[in-house]
Amino acid sequence: MAQDQPNNVNPAAFVPQPYRVSDGFGGPDYGPRDVMRDRENINMLIPPATDNGLLPNLKMSFSDTHMQLNKGGWSREITVRDLPIATTLAGVNMSLRPGGVRELHWHQQAEWAFMIWGCARVTSVDWQGRNFIADIEQGDLWYFPAGLPHSIQALAGGCEFLLVFDDGNFSDLNTLSISDWFAHTPKDVLAANFGIPEEAFAGIPKSQVYIYQDQVPGSIESQEVQSPYGTVPLSFKHSLLAQEPIVTPGGTVRIADSGNFPIAKTIAAALVEIKPGAMRELHWHPNNDEWQYYLSGQARMTVFGGNGIARTFDYRAGDVGYVPFAMGHYVQNTGTDTVWFLEMFKAPRFEDVSLNQWMALTPHQLVQSNLNASPELMNALRKVKWPVVKYPQR
């Protein structure tokens, strides 16, 4: 938490000032200003004394994006238009009402998804005519390789999910959709393709449907279609929450990549739990940029960019964070509730380098002389990686 935020103050009445008590830097801001925004971004208003230099913006909230409303649900997205640094991945937050359908469509990019709540039925067919149908529940993933057609339909109760695509320039509104293709194909061509009269196409949509309302489908058994070519050999579904997590004193981590979700060849991910009084340890990723989505809680992240540059950002549920390739960082729980967030990478495997483990596996005399390290620090080094650690309370 920001060091200069006073304790025992009613949050509704608290007006933070850009003044750092620890060194006397800054001064009051009497406005005009957005006090609510300043409260949410306290470490930008009052950056830690260790922050220095400039980094691109590494935060964007879905609450600040355009909401696309349709009869069957809604969607909103974060791409390079909204977060220019995020060139590797783009994200879509979507919700479907019970029976709501994200129509039959396909993408030029691979689609990775996390079910936030509710349940949906997804379908797909690969290039060999092998099909796939599955029900996706809270905490499950799906992955559709680029170019494969698919659909999503909410079951009873509706659903909300996060979609991630392996191209920061992606936009879900530029999808290749079946209704859009039909609307822009001459009816005589459609008639020739399907071998039926033109009149059979009188009721087709005149433009892209995108999301529409339908009835809640029946059981999965009632909808299954038997393909003469069988089903896809690698499942497009993965039950992430059913995985045995990596458990550390500060929380848990579940990793899903091509090692345990073989079809997911372009996006690797980790679901991280950070308990109050804990943090995602100091680390970096050696294989690509990191795209984050915060599911719950409040957190702050400082990103170290080398050459004396470091900057701190605050995050909460619904925010997207970003860390450029190989830059050092941590994620600290700054609230009283557990932080859950997703780390995602345009890569086949999840990889991270732990600062603590690196130091522990390097000749100790070299580490000690490099940092003038105290015996207490040297004795605290661990050869086994703890992705989430507890930290001493102030």
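The values are calculated or read from the model by the stated rules, or taken from the named source; none is laboratory data. Keep in mind the model is a prediction, meaning the values are calculated, not measured. Neighbour counts are summed over all protein chains in view; Cβ atoms, including those assigned to glycine, are modelled from backbone coordinates with ideal geometry. Note: accessible area is taken over every heavy atom of the protein model, side chains too, but ligands, DNA and RNA are not part of it. Shrake-Rupley method; radii C 1.70, N 1.55, O 1.52, S 1.80 Å.
Scanning segment 32-46 for residues that are closer than 12 Å to TYR315 by Cβ and either open to solvent by 60 Å² or more (accessible area, probe 1.4 Å) or in contact with a His (Cβ under 8 Å, 6 or more places away or on another chain) (or both) yields a total of 2.
Evaluated against (1) within 18 Å of ASP166 (Cα to Cα); (2) assigned to a loop (DSSP other than H, G, I, E, B), HIS66 falls short on exactly one condition, (1). Output the residues belonging to segment 74-89 that are part of a strand (DSSP E or B), closer than 14 Å to ASP64 by Cβ and open to solvent by 10 Å² or more (accessible area, probe 1.4 Å). Of everything in segment 74-89, those that are part of a strand (DSSP E or B), closer than 14 Å to ASP64 by Cβ and open to solvent by 10 Å² or more (accessible area, probe 1.4 Å) turn out to be ARG76, GLU77.
Among the residues of segment 90-100, which ones are part of a strand (DSSP E or B) and open to solvent by less than 10 Å² (accessible area, probe 1.4 Å)? Step through it out loud before you land on a result.
Just the residues of segment 90-100 that are part of a strand (DSSP E or B), to begin with: 90-96.
Within segment 90-100, ALA90, GLY91, VAL92, ASN93, MET94, LEU96 meet the criteria.
Pull up segment 1-26, narrow it to residues that are surrounded by fewer than 10 Cβ atoms within 10 Å (Cβ to Cβ) and farther than 26 Å from PHE304 by Cβ, then point me to the one that is modelled with the highest pLDDT. Within segment 1-26, the match that is modelled with the highest pLDDT is ALA13. Taking (1) in contact (Cβ under 8 Å) with a residue 60 or more places away in the chain; (2) in a strand (DSSP E or B) in turn, TYR229 satisfies each apart from (2). Please work out if TYR293 is part of a strand (DSSP E or B) and under 15 Å from the mean Cα position of the chain (by Cα). Here the answer is yes, as TYR293 does meet what is asked.
Rundown of residues vs (1) of a type in the set (Asp, Glu); (2) at positive phi; (3) out of contact with any helix residue (DSSP H, G or I) (no Cβ under 8 Å at 6 or more places or on another chain); (4) surrounded by fewer than 11 Cβ atoms within 10 Å (Cβ to Cβ), yes/no style:
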| residue | (1), (2), (3), (4) |
| --- | --- |
| GLY218 | no, no, yes, yes |
| SER227 | no, no, yes, no |
| GLY230 | no, yes, yes, no |
| LEU234 | no, no, yes, no |
| ARG254 | no, no, yes, no |
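Which of the residues that make up segment 317-329 are surrounded by 20 or more Cβ atoms within 10 Å (Cβ to Cβ), farther than 13 Å from THR88 by Cβ and not small (Gly, Ala, Ser)? The answer is ASP319, HIS329.
When segment 149-179 is limited to residues that are of a type in the set (Gly, Ala, Ser), outside any strand (DSSP E or B) and at pLDDT 95 or above, the one that is nearest to GLN138 (Cα to Cα) turns out to be GLY168.
Selection within segment 58-80: residues that are free of Cβ contacts under 8 Å to residues at least 60 places away in the same chain and of a type outside the set (Val, Ile, Thr). The member of this set that is nearest to GLY306 (Cα to Cα) is ASP64. A Cβ distance below 7 Å, combined with a sequence gap of six or more or placement on separate chains, defines the contacts here; from segment 298-311, residues that are closer than 19 Å to ASN41 by Cβ reach residues that are open to solvent by less than 20 Å² (accessible area, probe 1.4 Å) and acidic (Asp, Glu) in the pairs ARG300/ASP314. Of all the criteria given as (1) part of a strand (DSSP E or B); (2) closer than 21 Å to PHE261 by Cα; (3) open to solvent by 10 Å² or more (accessible area, probe 1.4 Å), the one not satisfied by GLY118 is (2).
Would you mind stating whether LYS275 is open to solvent by 20 Å² or more (accessible area, probe 1.4 Å), closer than 24 Å to THR88 by Cα and within 21 Å of the chain's Cα centre (by Cα)? If you could, list the steps in order and put the result at the bottom.
Details: open to solvent by 20 Å² or more (accessible area, probe 1.4 Å): yes; closer than 24 Å to THR88 by Cα: no; within 21 Å of the chain's Cα centre (by Cα): yes.
No; evaluated as a whole, the condition is false for this residue.
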